[in-house]
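Undergrad: Before we start, here is the structure in question, set down as structure tokens.
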Number of protein chains: 2
Amino acid sequence: MPNQPKYQRRKEDRPQEIADAAFKTFAEKGYAATRIDDVAKRAGVSKGLTYLYYKTKEDLFKAVVKNVVIRRVDSLIGNVESTELSSEEFLRGPLLEFMKKVPGSPIAIVIRLLISEGPRHPDLVNYYYENVVARGLEAIRQFVARGVERGEFRREALDHQPHLFLAPMMLSMIWRLVFADKPLDTDQLMESQVELLLAEMKA
Amino acid sequence: MPNQPKYQRRKEDRPQEIADAAFKTFAEKGYAATRIDDVAKRAGVSKGLTYLYYKTKEDLFKAVVKNVVIRRVDSLIGNVESTELSSEEFLRGPLLEFMKKVPGSPIAIVIRLLISEGPRHPDLVNYYYENVVARGLEAIRQFVARGVERGEFRREALDHQPHLFLAPMMLSMIWRLVFADKPLDTDQLMESQVELLLAEMKA
DNA sequence: ATACTTACTGACCGTTGAGTCATTAAATGC
DNA sequence: GCATTTAATGACTCAACGGTCAGTAAGTAT
């Protein structure tokens with residue numbers, strides 16, 4: 001019977017491991033109903049250690065949300081800016097693909113948390129707005145503008161708010177968060193909308 | 001100095017008063033962070049009385065959500081079914097008006113609560129789905145169908161999911177709940193969408 | 001007036017959970 | 001080996017909150 005050590009010291013990995021566990025727990029229970037003890041158990045550490053890396057529960061929450069946002073956004077928005085596709089191809093292809101993925105991704109969880117906890121964490125809301133929403137909307141606007149410059153779209157296409165592209169994605173997200181068991185072809189919803197908008201912009 | 005009574009007995013009004021106070025508190029703080037003591041203070045009664053009319057905190061929560069839903073929905077959906085307008089007039093008029101009102105109404109608060117607390121209260125979700133969502137979607141579907149029968153719309157209009165009408169409303173609601181201070185002309189968003197869909201359905 | 005009912009109060013109880021910290025033991029250097 | 005550092009533990013404190021219930025007084029009947 002070898003004398004197994006009770007634990008290993010892993011200074012580097014702990015914060016991320018705790019953040020991952022916390023994200024899952026916050027996602028399942030919401031902010032107020034998650035207990036630090038559960039997070040710690042899930043991460044395989046003691047409660048005390050959690051407090052070594054994150055000063056308070058709120059700190060942990062904020063760190064976790066930002067962490068998820070950071071890890072997702074750059075890859076997604078990054079490869080958008082370096083595409084060779086025509087505006088129409090882009091909107092119908094990569095943008096649509098992206099939107100189809102979101103409602104089932106951790107971003108949806110973050111949005112749920114922002115909806116419930118946002119009012120009590122305005123700095124988080126701002127962070128999310130600037131790093132995700134504003135950039136995303138601007139990207140869409142760019143593509144429409146480029147389409148107009150190239151003569152793909154009518155000038156009036158610029159009047160449309162880019163939000164209209166995202167509206168069905170939003171509805172799909174909420175639908176799946178709330179009515180997970182009620183059927184709805186959310187992909188088709190988003191496809192229809194893109195076609196609708198493209199038709200209008202080209203006409 | 002007249003000997004004022006400490007309180008009045010108002011058996012009839014108390015439940016509604018408590019429900020109103022509870023709604024406001026749940027809206028501000030969410031389910032878990034709401035303290036029964038605060039609700040009671042807000043309603044001007046003692047904590048004990050709250051427990052006379054509502055057995056548990058969860059009971060109170062469910063009663064409150066249903067209460068809000070009941071008080072709103074019937075009037076809204078009711079007068080929809082007895083309209084003389086053409087389908088197009090209806091979609092462009094009363095439906096649009098209705099959608100513009102929702103994001104600032106208590107319904108938006110209820111939806112926020114369902115988003116955060118839904119998973120832990122499946123019966124509430126079902127109640128809401130059957131009494132609001134299903135009926136709302138069906139109403140829209142009816143109007144499209146009627147428009148097709150009357151030759152106002154193309155047959156293909158039926159293929160569109162009614163959800164597409166509501167998508168910008170959803171986005172507007174969430175936007176206002178989360179990004180209250182960031183500007184967005186949500187009314188225009190919904191108008192554009194209705195025009196977009198009508199154009200497509202008529203073409 | 002007096003007796004009676006019951007809406008309402010508020011002190012109390014038990015539990016839960018955020019945050020602390022003295023102690024332990026894993027890693028590291030000599 | 002031995003000494004030193006510090007990652008990690010887990011028992012503890014303390015306040016908050018859901019829920020209870022014995023007592024109080026507002027209203028009512030006689």
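Any read-out appearing in this document is the output of simple, stated calculations on the displayed coordinates, not a laboratory observation. Since the model is a prediction, treat every value here as computed from it, not as a measurement. Reconstructed Cβ throughout: ideal geometry from the backbone, glycine too, with neighbour counts over all protein chains shown.
Undergrad: Roughly how crowded by other chains is peptide A:154-161, in terms of the mean Cβ count from those chains within 10 Å of each of its Cβ atoms?
TA: Counting other chains' Cβ atoms within 10 Å and averaging over A:154-161 gives 2.
Undergrad: Using a 10 Å cut-off around each Cβ of peptide A:128-141, what is the average number of partner chain Cβ atoms that fall inside?
TA: Partner Cβ neighbours, averaged per residue: 1.
Undergrad: Can you tell me the equivalent ellipsoid semi-axes for the stretch A:88-203? Use √(5λ) from the Cα gyration tensor, largest first, whole Å.
TA: Calculated on Cα positions only, the semi-axes equal 27, 19, 10 Å.
Undergrad: Further, regarding this structure: In nm to one decimal, list the spacings between the A:E156 label point and its equivalents in the other copies, with label points set 7 Å along Cα to Cβ, shortest first.
TA: 2.0
Undergrad: May I pose another question? Once you sort the root eigenvalues of the Cα gyration tensor of the protein assembly as shown as a ≥ b ≥ c, which label holds: rounded (a/c under 1.5), prolate (a/b larger than b/c) or oblate (the other case)?
TA: Working: a/c = 2.29, a/b = 1.15, b/c = 2.00.
Oblate, since a/c reaches 1.5 and b/c is not below a/b.
Undergrad: Now, a different point. Just rank B:V110, A:V45, fewest to most, by other beta-carbon atoms within 10 angstrom.
TA: If I rank by nearby Cβ atoms, fewest first, I get A:V45, B:V110.
Undergrad: Let me ask something else about it. Taking the Cα atoms only, what angle lies between the long axis of helix B:134-149 and the longest principal axis of chain B, rounded to 10 degrees?
TA: Value to nearest ten degrees: 20.
Undergrad: For the stretch A:5-111, run through the GluC sites (Glu not before Pro) and keep only the ones in DSSP coil with at most 12 other Cβ atoms within 10 Å of their Cβ.
TA: A:E12, A:E81, A:E84
Undergrad: Further, regarding this structure: To one decimal in nm, how far is B:R135 from the same spot in the other copies, if labels go 7 Å from Cα toward Cβ? Please give the shortest first.
TA: Copy-to-copy label distances for B:R135: 4.4 nm.
Undergrad: Continuing with the same structure: Local charge sum around B:L114 (other residues, Cβ-Cβ under 15 Å, Lys/Arg +1, Asp/Glu -1)?
TA: Taking every Cβ under 15 Å from that of B:L114, the sum is +3.
Undergrad: Need one number: nm distance between label points at A:Y7 and A:E89, each 7 Å from Cα along Cα→Cβ, rounded to one decimal.
TA: Here the answer is 5.5 nm between the modelled labels.
Undergrad: OK, next. Find how many whole Å separate the alpha carbon centroid of the stretch A:5-34 from the alpha carbon centroid of the stretch A:82-129.
TA: Centre-to-centre distance over Cα atoms comes out at 24 Å.
Undergrad: In the stretch B:138-180, what trypsin sites (Lys or Arg not before Pro) fall in a loop by DSSP, with at most 11 other Cβ atoms inside 10 Å?
TA: Qualifying residues, ordered by number: B:R150.
Undergrad: Taking the Cβ of B:D187 as the centre, find all other residues whose Cβ is under 11 Å away and add up their charges (Lys, Arg: +1; Asp, Glu: -1).
TA: Values: positive: B:K100, B:K101; negative: B:E97, B:D185, B:E191.
It works out to a net charge of -1.
Undergrad: Okay, moving on. Hey, for B:S105 with labels 7 Å out along Cα-Cβ, what do the inter-copy distances come to in nm, ordered shortest first?
TA: Counterpart label points of B:S105 in the remaining copies fall at 3.4 nm.
Undergrad: With axes computed from alpha carbons, what is the tilt in degrees of helix B:57-78 against the longest principal axis of chain B, rounded to the nearest 10 within 0 to 90?
TA: Roughly 40 degrees between the two axes.
Undergrad: In whole Å, how far is the Cα centre of the stretch A:138-152 from that of the stretch A:39-58?
TA: 47 Å
Undergrad: Take the alpha carbon gyration tensor of chain A, find the square roots of its eigenvalues, order them as a ≥ b ≥ c, and report rounded if a/c is under 1.5; if not, report prolate when a/b exceeds b/c, else oblate.
TA: In terms of gyration-tensor shape, prolate.
Undergrad: Return a whole-number percent for the relative contact order of the stretch A:62-202, with Cα pairs under 8 Å and 6 or more residues apart as the contact set.
TA: It rounds to 35 percent for the stretch A:62-202.
Undergrad: Return A:S172, A:S46, B:S87 ranked ascending by Cβ neighbour count within 10 Å, so the fewest neighbours appear first.
TA: A:S46, B:S87, A:S172
Undergrad: Roughly what angle does helix B:106-117 make with the longest principal axis of chain B, taking Cα atoms, 0 to 90 degrees, to the nearest 10?
TA: The helix B:106-117 is inclined about 80 degrees to chain B.
Undergrad: Right, next: Quick check on the exposure proxy: order B:T50, A:T56 from fewest to most C-beta atoms within 10 angstrom.
TA: Exposure proxy ranking, most exposed first: A:T56, B:T50.
Undergrad: 222 nm [θ] for chain B, helices only, -39500 (n - 2.57) per DSSP H run of 4+, per residue, to 500?
TA: It comes out at -20000 deg cm²/dmol, rounded to the nearest 500.
Undergrad: While we're here: I'd like the mean, over residues of B:44-55, of how many other protein chain beta carbons sit within 10 Å of each residue's own Cβ.
TA: 0
Undergrad: Run down the lysines and flag those whose C-alpha is under 23 Å from the C-alpha of B:K41, throwing out any fewer than 8 positions away in its chain.
TA: Straight-line reach from B:K41, under 23 Å: B:K6, B:K11, B:K24, B:K29, B:K55, B:K57, B:K62, B:K66.
Undergrad: Same structure, new question: Less than 11 Å from a label point 7 Å out along the Cα-to-Cβ axis of B:D159: which backbone N atoms in the stretch A:167-203 qualify, by residue?
TA: A:192
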